[in-house]
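Participant: Here it is, the structure in full.
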Amino acid sequence: MTTEQMPVEKRSARKRADEIRDFRCKNLIVVIEDPENPRNIGTVIRNVNALGAEKVYVIDPRRVLPDDWDDLRKEPKLSKLSVSAVKWTFVKRFDSTEECLAHLEKNRFVSIVTSPHRKGKENTFLHEGDFTEHAKLAVWFGSETKGISDLAVERSERCVSIPMFGMIESLNLGTSSGIVLYEVAKQRRQYQSQYRLRDRRGERATPLPTVLMQEP
């Protein structure tokens, strides 16, 4: 089937996919550890898709989600909660934190966790961090009530925190993931617009755009 023969909806989706290809953040994975509320899973998937991260991993010991990605994409509730972002986002579930960590480490991903300062672990405020130094990066978000696990903290490179200035010193999962991913994706998109390779090698003669202009 040629592009001209596609239904209008599919042609529009293909056009949009072509437009955003260079804006996606390669090798940026978001990990949600043991989320308790399916609504928050949908919100994070929506943030991931909108801000240009590559994949979502969900550690789901209660088996709330189906294993197969195609089944995930067709899950009506998740599709509604993510405003259909799950249809365009790769989501993979794991039974345990150990299983997810082993998969990431096998594929040479470096993990950072979003968490307040932990003893013995380097802590970085979000606006002070350099999120371009690792070619493959996984950003972890803990559960709504328990936060990030000790195992994830132990196996991560550092903790990243959002500065708080109010009486309330916590944010919900959807809000915190949006704030953190905005900064991480912005930095990585800027980097890949200038360089083809890591260690600032392969500088592009003409930088790629970092902002997608919307049609009037």
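The values are calculated or read from the model by the stated rules, or taken from the named source; none is laboratory data. From a predicted model like this one, the values you see are computed outputs, not experimental measurements. Here the Cβ positions follow ideal geometry from the backbone for every residue, glycine too, while neighbour counts run over all protein chains shown. Protein only, heavy atoms only, side chains kept; ligands, DNA and RNA dropped before computing areas. Shrake-Rupley method; radii C 1.70, N 1.55, O 1.52, S 1.80 Å.
Participant: From the list E4, E33, exactly one residue is open to solvent by 40 Å² or more (accessible area, probe 1.4 Å), over 20 Å from K186 (Cα atoms) and either modelled with pLDDT of 90 or more or acidic (D, E) (or both). Which is it?
Facilitator: E4
Participant: Is it true that some residue in segment 123-131 is over 17 Å from the mean Cα position of the chain (by Cα) and open to solvent by less than 40 Å² (accessible area, probe 1.4 Å)?
Facilitator: yes
Participant: Please determine, by comparing only the residues of segment 181-198 that are more than 18 Å from F141 (Cβ to Cβ) and among the aromatic types (F, W, Y), which one is modelled with the highest pLDDT.
Facilitator: Taking the candidates together, the pick is Y191.
Participant: What number of residues within segment 150-170 are assigned to a loop (DSSP other than H, G, I, E, B) and over 18 Å from V56 (Cα atoms)?
Facilitator: The qualifying residues number 11.
Participant: Which residues, counting only those in segment 91-114, are in contact with a Lys or Arg (Cβ under 8 Å, 6 or more places away or on another chain), on the phi < 0 side of the Ramachandran plot and part of a loop (DSSP other than H, G, I, E, B)?
Facilitator: D95, N107, F109, listed by residue number.
Participant: Could you list, in sequence order, the residues of segment 89-109 that are touching a residue at least 60 places away in the same chain (Cβ under 8 Å) and out of contact with any Leu (no Cβ under 8 Å at 6 or more places or on another chain)?
Facilitator: Across segment 89-109, the qualifying residues are C100, L104.
Participant: Can we say R39 is surrounded by 12 or more Cβ atoms within 10 Å (Cβ to Cβ), of a type outside the set (F, W, Y), modelled with pLDDT of 80 or more and more than 13 Å from F141 (Cα to Cα)?
Facilitator: Judged against the criteria, R39 is a match.
Participant: Taking into account only those residues within segment 42-64 that are part of a helix (DSSP H, G or I) and not aliphatic (A, V, I, L, M), which is most open to solvent (accessible area, probe 1.4 Å)?
Facilitator: R46
Participant: Kindly provide the set of residues from segment 51-78 that are of a type outside the set (D, E, K, R) and in contact with a Leu (Cβ under 9 Å, 6 or more places away or on another chain), ordered by number.
Facilitator: Result: L51, G52, A53, Y57, V58, L65, P66, L72, L78.
Participant: Sort through V160, V139, V86 and tell me the only one that's of a type outside the set (G, A, S), open to solvent by less than 10 Å² (accessible area, probe 1.4 Å), in contact with a Ser or Thr (Cβ under 6 Å, 6 or more places away or on another chain) and under 23 Å from P38 (Cβ atoms).
Facilitator: Within the list V160, V139, V86, the selection yields V86.
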